[in-house]
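Enquirer: So that we are looking at the same thing, I have put the structure below in C-alpha cells.
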Amino acid sequence: MGAVVTKSAQNLLLITLGAATLWITVATDEYLNYVKPWFRWALIAAAVAVVVLGAAGLRREWHDADDHDDHGHDDHGHHGPRVAWLLCLPALGIFLIAPPALGSFTADRNSTRTAAPPAPDEGYGALRPTGGPLAMTISEFIGRSFEAQTGDPGTLRGIPVQLSGFAAPRPQGEGWYLTRLRMACCAGDAIPMRVIVHGAARPKTDTWVSVVGTWMPPTAGAPVTGVHEVRAQHTRPIKKPKNQYE
Amino acid sequence: MIAMTDRAGAGTAAEDDLYPPPDWAARRTAPGTRALLTFAALAALLVAGRLWVAPEVGGRALDAWTTIFVAICVQALPFLVFGVALSAAITAFVPPGVWNRLLPRRPGLAVPVAGAAGAVLPGCECASVPVASGLMARGVAPAAALTFLLAAPAINPIVLIATAVAFPGQPEMVLGRFGASLLVAVLAGWAWLLFGRGEWLKIPARPHAEAGRRWEAFRQAMRHDIMHAGGFLVVGGVAAATINVVVPAEWVTGIAGIPWAAVLTLAVLAVLMSICSEADAFVAASLSQFSPTAKLTFLVVGPMVDLKLIALQTGFFGRRFAVRFIPLTFALAVGVSSLVGWVLL
C-alpha cells in the first residue's frame with residue numbers, strides 16, 4: 001500500500017471504481033441499499049466516464065510502450081498522490097463485505113435523532129375507507145398520527161391501516177418497533193421512522209413484516225411525545241422489498 | 001502525499017507544471033502487460049471475495065459502517081466526476097488571456113469580480129490552487145486570484161446543486177453556503193490587498209499547454225484530480241461512517257448540543273477530512289445530530305481550508321504565505337458562517 005501510484009495503477013483504479021459502480025447499478029440492484037432510486041442514471045453516467053478515462057489512459061500507455069520499447073524516455077510518467085490508493089476501499093467494501101441496506105442496528109443507534117413529522121405542506125387529506133385496511137408508509141402513518149395527536153383524533157381513530165417494515169425490539173416498555181429507515185439523500189443520513197406495535201408477538205429482529213391494525217390514541221392527559229403506536233390485528237412475514245428505505 | 005513541493009525536476013512537457021512531477025524512469029516491462037495482469041488479479045480477488053468472503057462477514061456494526069461509507073462515496077461520485085471534468089476542461093481549453101480581459105484593472109474591484117467568477121466557473125479545490133497560481137503568473141492581482149481560489153470550489157453551480165440534493169427541501173442551506181462563502185472569499189481578498197505583502201507570496205512562472213496537446217492535458221488533469229479528490233473523499237467517507245457507527249452516540253449528541261462546540265468541531269472536522277467540495281454536502285447531511293449552523297460552517301470551511309489545500313498552497317505559494325493566509329481564511333470562514341447561520345438558519 002505504501003507504493004507510489006504509477007500511471008498504470010491510476011488507470012486501473014479508475015476502471016475498478018467504474019466497474020464497481022456498474023456492478024451495483026447495472027448488474028444488480030445493490031445501489032438501492034445506498035442511494036435513492038432516481039440516482040441510478042447519474043451513477044451509470046459517472047461510471048462510464050470513469051471507465052472510459054481509465055481505458056483511454058491504458059491505451060495511451062500501450063501505444064507509448066510500442067513506440068519507445070527500447071528508448072529510455074518516459075515523459076508521461078506522473079505519480080498520483082498516495083491517498084489515491086484509498087479509492088480501492090469502496091470497491092473492496094462493495095465486493096468483500098457486500099453490505100445490506102441499513103437495519104435495526106442503525107435504527108437503534110440513531111433513535112435520538114429527532115425526526116420531524118414528515119407531513120407535506122398542505123397536510124394529509126382525509127382517509128377514504130375502502131373496506132379493507134389502508135396501506136401507507138410508516139412516514140405517512142407517523143405524520144397522520146402526529147396530526148391526530150395535535151388536532152382531530154377522529155381523522156385516524158378506528159381506521160384499519162397496513163404498514164410494513166422490519167421488526168426491532170423495544171428495550172423498555174411493551175410492544176416492539178416496526179421500523180423503516182428514511183433517507184433524505186443517501187444511507188449516510190438515514191433516520192429511523194418507527195411505530196410501536198402492541199397486541200402481537202414480536203417477530204425476530206430484522207425480519208420484514210406487514211402489520212394490519214389501528215392507531216392507538218395517546219392516553220388521555222398524556223403530553224404529545226412523538227410516540228406513535230398501533231394495535232395490531234394481525235401480522236404476517238413478508239419478503240424484503242427491493243428498496244428497503246422510505 | 002502531495003507531490004507539489006518537489007517540482008524542481010519538471011520541465012520537459014508543458015503539462016508537467018500542472019500535475020505532480022515526472023516519475024523517475026519507468027520500469028521497462030511493457031506497462032500494458034503489467035497493467036492487464038494486475039487488473040486480472042484484482043478482478044479475481046474481488047470475485048473470489050464476493051463468493052467466499054462476503055457471505056461470512058456479518059457483523060451488524062461492520063455492515064452498517066460499510067453501507068454508510070459506500071453510500072457516501074457512491075452518492076458523491078457523479079458530482080466529483082462531472083465537476084472534475086468541467087474544471088479540467090477549463091484548465092485545458094480556456095486561453096490564459098481571457099482572465100486578464102475579464103477582470104477589472106483596479107485590484108479593489110477585481111476582488112469581488114473574481115469572487116463572482118467563482119460562482120460560474122466550476123473548479124475543484126485541488127484545481128483551483130494551480131489555476132490561481134496561473135492567474136497570478138499571468139498578471140492578475142494576487143488578491144483577486146486568491147479570492148477566486150477561495151470562491152471557485154465553494155460556490156460553483158455543481159457544488160450548489162450537490163448541496164441542494166443533499167439537503168432536499170432546505171434551500172436556505174444552499175443560499176447560506178453561497179452567501180457565506182462568497183463573503184469570506186471577498187473579505188479574504190480585500191484583507192490580502194490591504195495587509196498582504198508581495199514578498200510573502202511566491203509566484204511561480206508557468207507555461208500553458210500547447211494547442212495540439214489539449215486533449216492530452218484534459219485527460220491528465222481529469223485523472224489527476226479524480227485521484228486526488230477521490231482519495232480524500234474516501235477519507236471523508238471513512239470519518240463520517242465512523243462518527244455514525246463507532247463513536248458513541250451520546251458523545252456526538254453531547255457535543256452537538258453545545259452550539260459553539262458544535263460549530264468548532266465541524267470546522268475542525270472539515271479541515272481534517274479534506275473532502276472535495278463537490279462531495280462534502282453529503283457528508284455534512286449525514287452528520288444529522290449537528291445544528292444547521294454547524295453544518296453550514298462545515299460547508300464553508302471545507303472548500304477553503306483543509307489538509308490537502310494547506311499542502312497545496314504551501315507547495316505553490318510558499319510557507320510564508322500559507323502561515324498567514326490559512327489562519328486568516330479559517331477565522332473568517334468560522335466567523336462569517338456562524339453569523340450567516342444565526343441570521344438565516
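Enquirer: Quick check on packing: order B:189-197, A:186-194 by the mean number of other C-beta atoms within 10 Å, highest mean leading.
Expert: Highest-to-lowest ranking by the protection proxy: A:186-194, B:189-197.
Enquirer: Per-residue mean of other chain beta-carbon atoms within 10 angstrom of the beta-carbon, peptide A:8-15?
Expert: Working: counts 10, 4, 5, 4, 7, 6, 6, 4.
Across A:8-15, the average partner-chain Cβ count within 10 Å equals 6.
Enquirer: Now, a different point. Order these peptides, A:10-19, B:246-255, by their mean beta-carbon neighbour count within 10 angstrom, highest first.
Expert: Packing order, densest peptide first, comes out as A:10-19, B:246-255.
Enquirer: Once phi is turned into θ = phi - 60°, what whole-Hz ³J(HN,Hα) does the Karplus curve with 6.51, -1.76 and 1.60 give for every residue of the stretch B:63-71, x standing for Gly and Pro?
Expert: Using θ = phi - 60°, the values come out as 4, 5, 4, 5, 4, 5, 4, 5, 4 Hz.
Enquirer: Further question: Ranked highest first by average number of other Cβ atoms within 10 Å, how do A:98-107, B:36-45, A:228-237 line up?
Expert: Result, highest mean Cβ count within 10 Å first: A:98-107, A:228-237, B:36-45.
Enquirer: Still on this structure: Measuring from a point 7 Å past the Cα of B:L175 along Cα-to-C-beta, which residues in the stretch B:326-343 have an amide N at less than 20 Å?
Expert: Counting backbone N atoms under 20 Å from the label point, the list is B:336-343.
Enquirer: Using only alpha-carbon positions, what ratio does the radius of gyration of the stretch A:104-237 give when scaled by 2.2 N^0.38 Å?
Expert: Scaled against compact globular proteins, the figure is 1.00.
Enquirer: Going by amide H atoms built from the backbone, whose H comes under 5 Å of the H on A:W176, apart from near neighbours?
Expert: Long-range HN contacts for A:W176: A:V197.
Enquirer: Subtract the Cα-Cα distance of A:Q233 and A:W62 from 0.36 nm times their separation in residues, and report this length gain in nm to one decimal. Provide the component values of the computation, followed by the final result.
Expert: Values: separation 171, 0.36 × 171 = 61.56 nm, distance 6.81 nm.
Here the answer is 54.8 nm.
Enquirer: Still on this structure, please answer the following. Starting at 0 and stepping by 5 Å, how many percent of the alpha carbon pairs of chain A end up in each bin?
Expert: 1, 6, 11, 13, 13, 11, 9, 7, 6, 6, 5, 4, 3, 2, 1, 1, 0, 0
Enquirer: Let me ask another. Take every residue in peptide A:99-109, count the Cβ atoms of other chains within 10 Å of its Cβ, and give the average of those counts.
Expert: Neighbouring Cβ atoms belonging to other protein chains average 6 per residue here.
Enquirer: Next up: Which residues' amide hydrogens lie under 5 Å from the amide hydrogen of A:V5, considering only partners 5 or more residues apart or on another chain, with H built in the peptide plane?
Expert: Those lying under 5 Å, H to H, from A:V5 are A:G80.
Enquirer: Using modelled backbone amide H atoms (1.01 Å from N, in-plane), which distant-in-sequence or interchain residues come within less than 5 Å of A:S210's amide H?
Expert: Residues meeting the amide H criterion: A:R236, A:I238.
Enquirer: Residues of the stretch A:141-180 with amide nitrogen under 11 Å from the 7 Å Cα-to-Cβ point of A:A135?
Expert: A:162-164
Enquirer: So for the pair B:A164, A:V48, with labels modelled 7 Å out along Cα→Cβ, what separation do we get in nm?
Expert: 2.4 nm
Enquirer: While we're on this one: Starting from the Cα gyration tensor of chain B, take the square roots of the eigenvalues, sort them a ≥ b ≥ c, and report rounded, prolate or oblate (rounded when a/c is under 1.5, otherwise prolate if a/b is larger than b/c, else oblate).
Expert: Oblate, since a/c reaches 1.5 and b/c is not below a/b.
Enquirer: Next up: According to the Kirkwood expression over distinct Cα-Cα pairs, how big is the hydrodynamic radius of the protein assembly as shown, in Å?
Expert: Details: mean 1/r = 0.0389 Å⁻¹.
Across the protein assembly as shown, the inverse of the average 1/r is 25.7 Å.
Enquirer: For the protein assembly as shown, what number of Lys pairs, 8 or more residues apart or on separate chains, have alpha-carbon atoms under 18 Å from each other?
Expert: The number of close lysine pairs in the protein assembly as shown is 4.
Enquirer: Excluding B:V113 itself, what net charge comes from residues whose Cβ is under 15 Å from its Cβ, given Lys and Arg +1 and Asp and Glu -1?
Expert: Every neighbour counted, the sum reads +3.
Enquirer: Averaged across B:219-226, how many Cβ atoms of other chains sit within 10 Å of each residue's Cβ atom?
Expert: Neighbouring Cβ atoms belonging to other protein chains average 6 per residue here.
Enquirer: Could you state how much accessible area is buried at the A-B interface, both sides summed, with a 1.4 Å probe, in Å² to the nearest 100?
Expert: Counting protein atoms only, the buried area is about 6500 Å².
Enquirer: Taking the Cα-to-Cβ direction at A:R157 and at B:W342 and moving 7 Å from each Cα, how far apart do the two end points lie in nm?
Expert: 4.8 nm
Enquirer: Another question about this same structure. What is the dipole size for the protein assembly as shown, taken about its Cα centre, with +1 at each Lys and Arg Cβ and -1 at each Asp and Glu Cβ, in debye to the nearest 20? Don't jump to the answer; show the numbers that get you there.
Expert: Details: 45 positive and 38 negative charges, 126 e Å.
With only Lys, Arg, Asp and Glu charged at Cβ, the dipole is about 600 debye.
Enquirer: Could you give me the ³J(HN,Hα) list for the stretch B:223-235, computed from phi with Karplus coefficients 6.51, -1.76, 1.60 and θ = phi - 60°, whole Hz, x at Gly and Pro?
Expert: With the stated coefficients, the stretch B:223-235 comes to 5, 4, 5, 5, 4, 5, 5, x, x, 6, 4, 4, 4 Hz.
Enquirer: In addition: Report ³J(HN,Hα) in whole Hz for each residue of the stretch A:210-216, in order, from the Karplus equation J = 6.51 cos²θ - 1.76 cosθ + 1.60 where θ = phi - 60°; Gly and Pro get x.
Expert: For the stretch A:210-216, the Karplus-derived couplings read 10, 10, 10, x, 10, 5, 9 Hz, x marking Gly and Pro.
Enquirer: So, one more: What size of dipole, in debye to the nearest 20, comes out for chain A about its Cα centre when the only charges are +1 on Lys and Arg C-beta atoms and -1 on Asp and Glu C-beta atoms? Write down the numbers at each step before the final one.
Expert: Working: 22 positive and 21 negative charges, 307 e Å.
Computed about the Cα centre, the dipole is about 1480 debye.
Enquirer: Can I ask one more? Multiplying the sequence separation of B:F93 and B:R213 by 0.36 nm and subtracting their Cα-Cα distance, what value in nm do you get?
Expert: 42.2 nm
Enquirer: Are there trypsin sites (Lys or Arg not before Pro) in the stretch B:41-113 that DSSP marks as loop and that have at most 12 other Cβ atoms within 10 Å, and which are they?
Expert: B:R105
The values are calculated or read from the model by the stated rules, or taken from the named source; none is laboratory data. All figures in this text were calculated on a predicted structure; none of them were measured in a lab. Please note: Cβ atoms are built from the backbone with ideal geometry, for glycine as well, and neighbour counts cover all protein chains shown. Just the protein is used for accessible areas: all its heavy atoms, side chains included, with ligands, DNA and RNA removed. Shrake-Rupley method; radii C 1.70, N 1.55, O 1.52, S 1.80 Å.
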